[in-house]
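The values are calculated or read from the model by the stated rules, or taken from the named source; none is laboratory data. Given the structure is predicted, the values throughout are model-derived calculations rather than measurements. Counting neighbours? That spans all protein chains shown, and the Cβs are built from the backbone with ideal geometry, glycine included.
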Amino acid sequence: MYLVHVRVLLPPQPLDTEEFRDFFRSHAFPGEGVEHVSVHGGTDGVLTVGFYVQADCLTAAECVALTVAERTLVREPVLQRASVAGGSGALVAEFYNRMVDVSARDGRSMRVQDQDSDRN
């Protein structure tokens, strides 16, 4: 599973971003692999939408997230004046691995498997 952040530029008007998570989630098709959506920000005019996507590779996950975001902006009347500014995968695995390496190694944490090989 990959986390992809999509940045959405909001129109200069007051919007209630609380309902946006449901907007983005509802426009993902079942076969696209979107497992979860999170939404952050919006007060500065930029909304960060986190798409957790089950995909074969990061580029496929990025494509799905951007497609779902664009579809949502077209189909939700309150977002039709918004635009996608960009999106990219959040590369968190190496940070997590470093955090685990300095932990007490008490058996509760494991390194993230390298997705390009069988190495840890």
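Could you run through segment 5-28 and say how many residues are part of a strand (DSSP E or B) and surrounded by fewer than 17 Cβ atoms within 10 Å (Cβ to Cβ)?
Of the residues in segment 5-28, 2 are part of a strand (DSSP E or B) and surrounded by fewer than 17 Cβ atoms within 10 Å (Cβ to Cβ).
So if I check each of 31, 50, which one is part of a strand (DSSP E or B) and either in contact with an Asp or Glu (Cβ under 7 Å, 6 or more places away or on another chain) or at pLDDT 90 or above (or both)?
50
Between residues in segment 8-27 that are of a type outside the set (A, V, I, L, M, F, W, C) and residues that are surrounded by fewer than 16 Cβ atoms within 10 Å (Cβ to Cβ), which pairs lie under 7 Å by C-beta distance while being six or more apart or on different chains?
11/81; 12/45; 21/38; 27/71; 27/75
Go through (1) within 15 Å of the chain's Cα centre (by Cα); (2) at pLDDT below 90 for residue 43 and report which single condition fails.
(1)
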